[in-house]
């Protein structure tokens, strides 16, 4: 009986051992599966890195240097620097928003980033109009862009706080492009000339008839004779092919400067991490310094040796006595700005003096 009992107990012991081994094997399998899951977690997490996709709206054609030399390289470098976390898709040629609707489109989130002219929505940006006043001389677009961006960062106008302003750039000085020659003040009297923003007020003071429209509309209007001229940077003669529909260039650098914004929807900007914001801001400043602030100078040079020469356009330089006549007539436009600022509670004369001082400073630096 005792031997049989031992055998029975032996079998019982063997069964227990087998059960123990089985439990250990199961536990080992769970442990290995857990380790494998942990090992795969970083890959899974990496695959789920979120990409912020941003739509950028502007009005220039796909071939324009604003698209090919500024927007596209800037967007590509941001995507590379953020390892694909920020991707900007450009919608040129008013394919997403009309030029005059771009700023409000950014505010309302139709576009995440917008590039257009402040002057296309006259009255919306009263303080910023100072940079387009006639009678202030800018040697080139580098000077004008440097003055505007530096002053806006100092002034911090409330009018642009409903978006996140990334940078501003300008055309710099502009000229008159006409079908008939303008050699003296009398030649411009009653002439229909495309202009926007303060340029319209400037032309009106000279006796011309300003007609508001974007550069995108100017070629057709000039070709059909709806307008007889345009006031703008020389680059439009090539970038917008307006050398084909005008014949004369009257040099008037004291009349014109147009300011462009590059701005982003506030909610989209705030959705970026501090690290991504820092990267975007640093690259934007880089592109302002290396590309944006001098972009129109390069375009003007290209137009002079390209479209202007090819179309045999005549360049007219006004004698100083004639320039003085024009300047006397546009002087009240500056005073009107000062008066309008006073009604809005701002010291317009101080703002104007600040801009003039910066223009004088940077004219010496960028000749």
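None of the figures in this text is laboratory data; all of them are computed from the coordinates on show. Remember, it's a predicted structure, so these values are computed and weren't measured experimentally. Virtual Cβ from ideal backbone geometry, glycine too; neighbours counted across all protein chains shown.
From its DSSP helices (H runs of at least four residues, each -39,500 (n - 2.57)), the chain gives a residue-normalised ellipticity at 222 nm of -16000 deg cm²/dmol. Computed extension length for residue 76-residue 347: 93.4 nm, one decimal, from 0.36 nm per residue of separation with the Cα-Cα distance subtracted. Helix 274-290 and the long axis of the chain differ in direction by around 30°, with both axes built from C-alpha atoms. Just checking the listed ones, 191, 293, 341: in the Gaussian network model of the chain with Cα springs under 10 Å, the one fluctuating most is 341.
Helix 348-365 and the longest principal axis of the C-alpha atoms of the chain enclose an angle of approximately 80°.
Extension gain, residue 89 to residue 364: 0.36 nm times the residue separation minus the Cα-Cα distance gives 95.2 nm.
Using a simple spin-label model with pseudo-atoms 7 Å out from Cα toward Cβ, residue 51 and residue 311 lie 4.1 nm apart.
Once you've got the GNM for the chain with C-alpha springs shorter than 10 Å, pick whichever of 90, 119, 273 has the biggest mean-square fluctuation. Ranking 90, 119, 273 by mean-square fluctuation puts 273 first.
Ranking 64, 58 by Cβ neighbours within 10 Å, fewest first, what do you get? It would help to have the intermediate numbers written out before the result.
Numbers: 64 22, 58 27.
Lowest count first: 64, 58.
Cα axis of helix 320-343 to longest principal axis of the chain: angle in degrees, 0 to 90, nearest 10? Taking Cα atoms only, the helix is inclined about 50 degrees. Net length available on complete extension from residue 285 to residue 325 is 10.4 nm, with 0.36 nm assigned per residue and the Cα-Cα distance removed. A crude spin-label estimate for the pair residue 186 and residue 223, with each label 7 Å from Cα along the Cβ direction, gives 3.5 nm.
For the chain, the calculated P(r) over all alpha carbon pairs, in 10 Å bins from 0 to the bin holding the longest distance, is 5, 21, 27, 19, 8, 4, 3, 3, 3, 3, 2, 2, 1, 0 percent.
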